[in-house]
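Read through the structure below, which is laid out as structure tokens, and then see the notes.
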Amino acid sequence: MQNNPLKALFPQLVGARPLIYLDSAATSHKPLSVIERTNQYYSNENANVHRSSHTLAAQTTAKFEAVRQQVQHFIGAKSDREIIWTKGATESINLVANCLSTQHLQTGQKILLSALEHHANLVPWQQMAQRFALQIRIMPVDDKGCLLIEQALQLIDSQTALVAVTHVSNTLGNINPIELIIKKAKALGAMTLIDGAQAISHLKVDVQALDCDFYVFSAHKMYGPTGIGVLYGKQVLLESMSPYQYGGEMIQQVGYFDSTFQGLPYKFEAGTPNIAGVLGLGAAVAFIEQHRALIDQIESELYAYLLQQLAQIKQVQLWGETKNSIALQSITLIGLNIQDLSILLSEQNIAIRTGHHCTMPLMQRLGLAGTLRISLACYNTFADIDAFMQALKNAVLQLAPDSAIQDESNVVVASELRPIVNILPLAQKIKAAQGWDSVYREIMMAGKELNRLPVHLQVAEYEVNGCESQVWLNCEVKEQHLHLQGDSPSKIVRGLLAIIFEVLQGQKVESIAVFDMAAYLHQLGLSRHLSSSRGNGLLAVVQFIKLQCELACAKN
Ligand code: PMP
């Protein structure tokens, strides 16, 4: 499909210099219908729900509850009492992990998770496991990150209390065979929770057909507003669980010393809910239902095109499933640092995510520091993919001009302490560079002048916290003068370190205290090229150096 008719419905994606948005797994954009629905609430319908009996409140309450039924039908739940409003998938999982009790769990039982889980579907269970002395077991993946289903199924046994697994991996896009997992868990009496955060906008979900006990998702990843999400739970289970939070709305009778609580779903919805969010979610559900066939077609055509295009760059490595996948692809490029790629892509107006994607254990399992994740949605176009590919090729050329495949992790820093006297006026070159590509070329050239920290010192003790990329620093004060060594796996960060070192290296410690990094970056014209997190990372480096100087002064 050459022209995507849905794109025009997303105001932020059309305009003079439209954003190339490839980060929909983090949050999707919102169609005008969703934006207008939330506006309408604040403009014309603003009243609290379930409290006041005046006409406006009653009308708004009816609209609010109608969305509950809409969501019930959207996911095929038996009753609207099984739909609980939460802040999002994270809160839904926390709710379950906090409200299950000794009635549901026995000491020594197992909680089964998969190696693919988002932190939101790991950490709450770790806490629950500690409270109830349960054991966590992990369903394994292969070296590409695909679930090893035979082995996974074997782990489910009569000692399994609960299986919590993601429907679709947020990092790799894999669609997991949750039907098989749920079936085996049911047969052995284990509860099941499915994290549907990444599935809900791409796949038709029917919780009764799946027969899971819980299914969770967030509105903001399915074209809806932030701060609103859903916990679906089977009625009998939800009824057997105590409330999550206490306060207004969830009570029936309150005395000074005791209270009774409402039934489902209200017993889990203490306090004023996100009313605009719920109404916006209703509009998002309507949007998906209206366009489902088109959304499926657009996403599958785009994904096939993306895979075809990526195959043209020889350094690209694909992770996860490509057949059984939503329109999301994680890649790494042999010999290239993903932070560097992310910086150069961002400079070219490509919104994309790099890093561990809140799946640190999965990254460890795959032996990766992170991936570059291209996640598509119904508003993307072939032109977006072309623009991304062009930007990626530019970035690869810039990072590896001769396109030689070089694995930086194996590069041994030769004579560790390169003489710093050779440092050229790097700042001058940066200032003179015209255009983002020249600026970054100069930054990377500057990295060659960096006084590098020996590899054996690149350990936690020397690591600077608060930087987006990994940075190690060694600051020594010799006879009141500062001596710096540093390193980073990122070429660009090494260049930025060299630029900082240029002004600080060999200086007297008193002058370090008054150095204004932000002003300096501004003077070089660098501040507009650095995202706030990267700028803050550099400030963290300078803070670290200043602190070391203060400590050295205090010692003397
Ligand atoms: N699970 C998965 C698979 C996710 O991708 C996310 C969001 N990245 C979450 C849970 C948490 O969602 P939220 O931040 O909206 O609560």
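The values are calculated or read from the model by the stated rules, or taken from the named source; none is laboratory data. Because the structure is predicted, anything quoted here is derived from the model rather than measured. Note that we place each Cβ from the backbone using ideal geometry, even for glycine, and neighbour counts take in every protein chain shown. Ligands, DNA and RNA are stripped out before the accessible areas are found, and what is left, the full protein with its side chains, is counted by its heavy atoms. Shrake-Rupley method; radii C 1.70, N 1.55, O 1.52, S 1.80 Å.
Listed here are the residues, each with its yes/no results for (1) buried (at least 22 other Cβ atoms within 10 Å of the Cβ); (2) touching a helix residue (DSSP H, G or I) at 6+ places or on another chain (Cβ under 8 Å); (3) modelled with pLDDT of 85 or more.
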site: GLN406; (1), (2), (3): no, no, no
site: VAL411; (1), (2), (3): no, no, no
site: LEU417; (1), (2), (3): no, no, no
site: ALA427; (1), (2), (3): no, yes, no
site: GLU449; (1), (2), (3): no, yes, yes
site: GLN485; (1), (2), (3): yes, yes, yes
site: ARG494; (1), (2), (3): yes, yes, yes
site: LEU497; (1), (2), (3): yes, yes, yes
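Tell me whether segment 19-42 contains one or more residues that are touching a residue at least 60 places away in the same chain (Cβ under 8 Å), under 30 Å from THR160 (Cα atoms), within 16 Å of the ligand (Cβ to nearest atom) and among the polar types (S, T, N, Q). Taking every residue of segment 19-42 in turn, none turns out to be touching a residue at least 60 places away in the same chain (Cβ under 8 Å), under 30 Å from THR160 (Cα atoms), within 16 Å of the ligand (Cβ to nearest atom) and among the polar types (S, T, N, Q).
The condition (being outside the structural domain of GLY367 (by TED's automatic domain parsing) and over 28 Å from GLY227 (Cβ atoms)) is satisfied by just one residue among PHE257, PHE268: PHE257. Does ALA286 fit the bill of being surrounded by fewer than 20 Cβ atoms within 10 Å (Cβ to Cβ), among the small types (Gly, Ala, Ser) and outside the structural domain of ILE20 (by TED's automatic domain parsing)? Criteria met by ALA286. Of the candidates ALA552, ALA513, ALA518, the single residue that is open to solvent by less than 70 Å² (accessible area, probe 1.4 Å), in contact with a Gly (Cβ under 8 Å, 6 or more places away or on another chain) and more than 21 Å from LEU399 (Cβ to Cβ) is ALA518.
Counting only residues that are under 18 Å from LEU336 (Cα atoms), within 13 Å of the chain's Cα centre (by Cα) and buried (at least 20 other Cβ atoms within 10 Å of the Cβ), segment 354-396 holds 6 of them.
Evaluated against (1) surrounded by 15 or more Cβ atoms within 10 Å (Cβ to Cβ); (2) modelled with pLDDT of 95 or more; (3) outside any loop (DSSP other than H, G, I, E, B), ALA304 falls short on exactly one condition, (1).
For every residue, the table says whether it meets (1) within 16 Å of the ligand (Cβ to nearest atom); (2) among the polar types (S, T, N, Q); (3) closer than 18 Å to ASN176 by Cβ.
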residue	(1), (2), (3)
ASN94	yes, yes, no
LYS110	no, no, no
HIS118	yes, no, yes
ASN121	yes, yes, yes
ALA129	no, no, no
ARG137	no, no, yes
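Scanning segment 151-169 turns up one or more residues that are touching a Pro at 6+ places or on another chain (Cβ under 6 Å), over 17 Å from THR322 (Cβ atoms) and at pLDDT 95 or above. Among the residues of segment 140-169, those identified as among the hydroxyl-bearing types (Ser, Thr, Tyr) and surrounded by 15 or more Cβ atoms within 10 Å (Cβ to Cβ) are THR160, THR166, SER169. Of all residues in segment 310-319, those satisfying the criterion of being over 22 Å from the mean Cα position of the chain (by Cα) and either of a type outside the set (Lys, Arg) or surrounded by 14 or more Cβ atoms within 10 Å (Cβ to Cβ) (or both) are LEU310, ALA311, GLN312, ILE313, GLN315. Here is a check on your reading of the model: is ARG137 surrounded by fewer than 24 Cβ atoms within 10 Å (Cβ to Cβ) and part of a strand (DSSP E or B)? Against the criterion (surrounded by fewer than 24 Cβ atoms within 10 Å (Cβ to Cβ) and part of a strand (DSSP E or B)), ARG137 qualifies. For segment 320-339, the criterion of being in contact (Cβ under 8 Å) with a residue 60 or more places away in the chain, under 24 Å from the mean Cα position of the chain (by Cα) and assigned to a helix (DSSP H, G or I) is met by at least one residue. Take segment 339-353 and flag every residue that is open to solvent by less than 20 Å² (accessible area, probe 1.4 Å) and among the β-branched types (Val, Ile, Thr). Across segment 339-353, the qualifying residues are ILE343, ILE350. The sole residue among GLU510, GLU442, GLU461, GLU476 that is outside any helix (DSSP H, G or I) and among the charged types (D, E, K, R) is GLU476.
Among residues of segment 162-176 being free of Cβ contacts under 8 Å to residues at least 60 places away in the same chain and not in a loop (DSSP other than H, G, I, E, B), the one that is nearest to the ligand (Cβ to nearest atom) is THR166.
For segment 27-49, which positions are outside any helix (DSSP H, G or I) and of a type in the set (S, T, N, Q)? Those that are outside any helix (DSSP H, G or I) and of a type in the set (S, T, N, Q): THR27, SER28, ASN46, ASN48.
All conditions in (1) under 20 Å from LEU368 (Cα atoms); (2) modelled with pLDDT under 95; (3) surrounded by fewer than 23 Cβ atoms within 10 Å (Cβ to Cβ) hold for THR332, with the sole exception of (2). The set of residues from segment 140-161 being within 16 Å of the ligand (Cβ to nearest atom) and assigned to a strand (DSSP E or B) comprises VAL141, LEU147. Looking only at segment 192-200, decide whether some residue is over 30 Å from TYR42 (Cβ atoms), in contact with a strand residue (DSSP E or B) (Cβ under 9 Å, 6 or more places away or on another chain) and more than 16 Å from the ligand (Cβ to nearest atom). Within segment 192-200 (the criterion being over 30 Å from TYR42 (Cβ atoms), in contact with a strand residue (DSSP E or B) (Cβ under 9 Å, 6 or more places away or on another chain) and more than 16 Å from the ligand (Cβ to nearest atom)), the answer is no, since none of the residues qualifies.
In summary, ASP384 fulfils each of the numbered conditions (1) away from the ligand (no atom under 15 Å from the Cβ); (2) of a type in the set (D, E, K, R); (3) in contact (Cβ under 8 Å) with a residue 40 or more places away in the chain; (4) outside any helix (DSSP H, G or I) with the single exception of condition (4).
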